[in-house]
1. Determine, from the Cβ-Cβ distance of K58 and R11 and an R0 of 22 Å, the FRET efficiency 1/(1 + (r/R0)^6), rounded to the nearest 0.05.
2. With a bin width of 10 angstrom, please list the P(r) values of the chain as percents of all Cα-Cα pairs, from the 0 bin to the one holding the largest distance.
3. Can you compute 3J(HN,Hα) from phi for each residue in region 27-38, using the Karplus curve 6.51 cos²θ - 1.76 cosθ + 1.60 with θ = phi - 60°, rounded to whole Hz and x for Gly and Pro?
4. So how far apart, in nm, are the two label points at F42 and A20 if each is 7 Å from Cα heading toward Cβ?
5. Please give me, ordered by residue number, the chymotrypsin sites (Phe, Trp or Tyr not before Pro) of the chain that lie in loop per DSSP and have at most 14 other Cβ atoms within 10 Å.
6. Take every Cα pair under 8 Å in the chain that's 6+ residues apart, average their separations, divide by the length, and report that relative contact order as a whole percent.
Amino acid sequence: MEILDGAIVKRLLSTATTSAVYTAAQQSADWGAPRGPGDTLFIRIFQLSALVGRGAPKTVTLTI
C-alpha cells in the first residue's frame with residue numbers, strides 16, 4: 001500500500017494480512033502531525049502474488 005501526496009509516495013506499507021496500520025508516529029513523520037477529523041488520505045493498494053507479482057492498483061481516498 002502506498003500513502004500518496006499527489007503523485008508523490010510518502011510511505012510504503014507492506015503486510016501479509018488483510019489489514020495494515022499507519023501509525024501516528026509514521027503519520028507525524030510524513031505530515032508533521034497525525035491525520036485528524038476532516039483530513040483526507042490518498043492510498044494506492046496492490047495485491048501481490050507469487051505467480052503474477054504486483055497486480056493492478058486500486059486508488060482510494062479516505063476521509064478521516
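Rule-based calculations on the coordinates, nothing more; no lab input. Model, not experiment: these values are computed from the prediction. Neighbour counts are summed over all protein chains in view; Cβ atoms, including those assigned to glycine, are modelled from backbone coordinates with ideal geometry.
1. Values: r = 17 Å, r/R0 = 0.78.
Once the sixth-power term is evaluated, E becomes 0.80.
2. 19, 54, 22, 5
3. 4, 5, 5, 7, 10, x, 6, x, 5, x, x, x
4. 1.6
5. Values: sites: Y22, W31, F42, F46; in loops: Y22, F46.
Passing sites in the chain are F46.
6. Details: 88 pairs, mean separation 19.0, N = 64.
Answer for the chain is 30 percent.
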